[in-house]
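Structure record follows, encoded as structure tokens.
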Amino acid sequence: MTELLDRDDVIGLLKRLGGDRDEDVLEAARQVHVLITAAGMTWEELLVPDEAVGDSDDAADAEDRDLEDDADAAEDRDLEDDADAAEDHDLADEDAEPPVDRAEKNAESLALIDKLLAKPGISEDFREELNDYKKDIAEDDFGTADHRYLRALYKRLSKQG
């Protein structure tokens, strides 16, 4: 259940990191982390350094950049293929799991969502995301990886207050 990362949402949260109230800053930091994690990204992927551009635009530099771009594109395709294979594997695992296990996982995840929704001070965006998870569970579109992510998220947020 990978979501697209909304640039404006991330920028809005990053702007809040300079706030006067520590609670607001901490909440913004947590929210931006949730958005990035939900998008299936890492900080390293998000914060890509600018390409160093030299003063010379000779053919060798251009060819080197083209080769790097081709290698990056091939690596991206390989990673996407690996991710698709992993998702197919997760779906195969889900199809193989007994209905009782799926119902138990769904009940556990719904209970965790309700506990997170009951936490004071959660943002409207996070509240909406949790409610979307409930819809996904109801539509049987909440996989094994999603259950694991939700448990880890609940554990992390419960430890922090």
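Structure notes:
- Annotation: peptides 118-128, 21-31, ranked by per-residue average of other Cβ atoms within 10 Å with the highest first, follow the order 21-31, 118-128.
- Taking label positions 7 Å along the Cα-Cβ direction at both L5 and R148, the computed distance is 2.1 nm, reported to one decimal.
- Near the amide H of K119, within less than 5 Å, lie no amide hydrogens of residues on another chain or at least 5 residues away, with H placed in the peptide plane.
- Rounded to whole numbers, the Karplus 3J(HN,Hα) couplings from phi for segment 113-118 are 4, 4, 5, 5, 5, 7 Hz, using 6.51 cos²θ - 1.76 cosθ + 1.60 with θ = phi - 60°, and x at Gly and Pro.
- Computed packing ranks the peptides 142-151, 34-43 as 142-151, 34-43, most packed first, by mean other Cβ atoms within 10 Å.
Read-outs throughout are calculated quantities, based only on the coordinates presented, and are distinct from any laboratory measurement. Since we're looking at a predicted model, the values are computed, not measured. Here Cβ is always computed from backbone atoms with ideal geometry, including for glycine, and neighbour counts include all displayed protein chains.
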